Amino acid sequence: MIDERGQNSSPVWSPDGKKLAFVSGRGTHSLIVIYDTAKKSIRFVAPSVDRDGNPRWSPDGKSIVFIRTPARPSGAPQPGFWTGPEAPSPWAIWTAELATGAAKEIWHSADNVESNIPRMAGPALLNWAADRIVFASEMDGWLHLYSMPATGGSPVLLTPGDCEFEQATFTPDLRSIVFSSNCGDIDRRHISRVSVSGGA
């Protein structure tokens, strides 16, 4: 399910199928919740008064990556979403270790409209692939895929050019992305493959 900010709030199972990560909406804010099927217990991931969403598991199931956006009043429309000219709406990528509960911000968007959450990214908005975080952004004016180490750092542009990717999926080993785009041929779509660490 995609919310008004373009985030995917659908529940996601851990790699071992024993835990479920989901978003609990609280009106003015939202929380990432982990349900443990064996213990029949829940725990909150880095709870705050902000809006958290789009949880994704690390391949080993020990950590979560998610998106955090500032809290806003209940029912307040997202700036520019059916309401008129779009305004800057910053967002950040966070990771959390489930064993310790330690959480930290590893990236945040610039304070401009181009860097807002890309609503057309769909499931490619945020993912954990191998040892890197892959996310979508329009920070350069085009819908592109980027990646960075799970510990944080400068994002690497994976789909360069005056073009946009449309759909993307990972190879089984989570080390490459297969995507459709109009890169190199603006009027047509082509299927390409690139390593999650970057390159040709």
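The values are calculated or read from the model by the stated rules, or taken from the named source; none is laboratory data. Computed from a predicted model, the values in this text were never measured in an experiment. Cβ coordinates were reconstructed from backbone atoms using ideal geometry, including for glycine residues, and neighbour counts include every protein chain displayed. The accessibility values were calculated without ligands, DNA or RNA, using every heavy atom of the protein model including side chains. Shrake-Rupley method; radii C 1.70, N 1.55, O 1.52, S 1.80 Å.
Annotations for the structure displayed:
- Average accessible surface for the chain: 50 Å² per residue, computed with a 1.4 Å probe over protein heavy atoms with every protein chain in place.
- Summarised as an ellipsoid, the chain has semi-axes of 27, 22, 14 Å, derived from the eigenvalues of the Cα gyration tensor scaled by 5 and square-rooted, with the largest first.
- Using the Cβ-Cβ distance between A92 and V178 with R0 set to 22 Å, the FRET efficiency works out to roughly 0.20.
- Label point distance in nm, V113-D60, each placed 7 Å from Cα along Cα→Cβ: 4.4
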